[in-house]
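Input: a single structure, listed below in structure tokens.
Any read-out appearing in this document is the output of simple, stated calculations on the displayed coordinates, not a laboratory observation. No experiment lies behind these values; they were computed from the predicted model shown. FYI the Cβ positions are ideal-geometry reconstructions off the backbone, even for glycines, and counts take in every protein chain you see.
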Amino acid sequence: MKKFQKFGKDNSNWRGGKVNKNCSYCGKEYEVYPCRFNISKFCSVSCGAKERKFTEETKQKISKAQLGKKLSEITKQKIRAKLMGNKNTMGRILSEEHKRKLLLVNIGRKFSEESKKKMSKIRKGRFTGEKSGKWKGGITPINEKIRKSFRYKEWREKVFKRDDYTCQACKNKSRGDINAHHIKSFADFPKLRYRVNNGITLCEKCHKLTDNYFRMIKIIKYGEQLKLNEGKQAILLIKGKE
């Protein structure tokens, strides 16, 4: 460097310094050197990326270049810190087209057992109770929680298998429209809720006629035939079955 080199206004090549120009994308005013006035179009790299439109061929090249690329832990932490609290990523509403594309990308995708365990560990407890997006202040009744539990589903399956997936009232055999009905009320006899001998397989039509469903009929034993009484009440009669 020369001993008496001059900078800024003292330099003989001084042309007045930076000048103001408006960004082509966001319209924000920014400073640029006169030599770059006709070249520069954007105030930042992000504005340039938003404005720039890539061809499908270029997009595929970029996608292939990034495929299988692994980020270091330091890079992941930097990205995480930058996105934390970002309004653009929190509560973001995706368009139907965006959702469809995400669905197509993930169709047929298989995760390793290790990946499944990691995802399960991360998600555990994150979307339940007050943390769930559908939380409404704990309005779900206890009975509904019990009916959705694994133990209840196991009891129901045992009842179906015992009755060969056949309605014990009308003898209609189907896996689609059958219910496991409690002979002694689910609400009134909590100790008998998971007793297989307190369950009976009924189709939806017959189930709606039971005394426990809408208090319309009464089960006497464990039914073979369904008899209607004056069109309003029905009695289910059978020989006992353990």
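Fewest-first ordering of LYS70, LYS153 by other beta carbons within 10 Å of each residue's beta carbon gives LYS70, LYS153.
Kindly flag which residue pairs out of LYS64/LYS134; LYS76/LYS110; LYS21/LYS69; LYS53/LYS116; LYS9/LYS41 have an alpha-carbon separation exceeding 29 Å in this structure. Long pairs (Cα-Cα over 29 Å): LYS64/LYS134; LYS21/LYS69; LYS53/LYS116.
Of the residues ILE146, ILE200, the one with the fewest other Cβ atoms within 10 Å heads the list, and the complete ranking is ILE146, ILE200. For segment 19-62, the pair-distance distribution built from all alpha carbon pairs, in bins 10 Å wide starting at 0, is 28, 42, 21, 9 percent.
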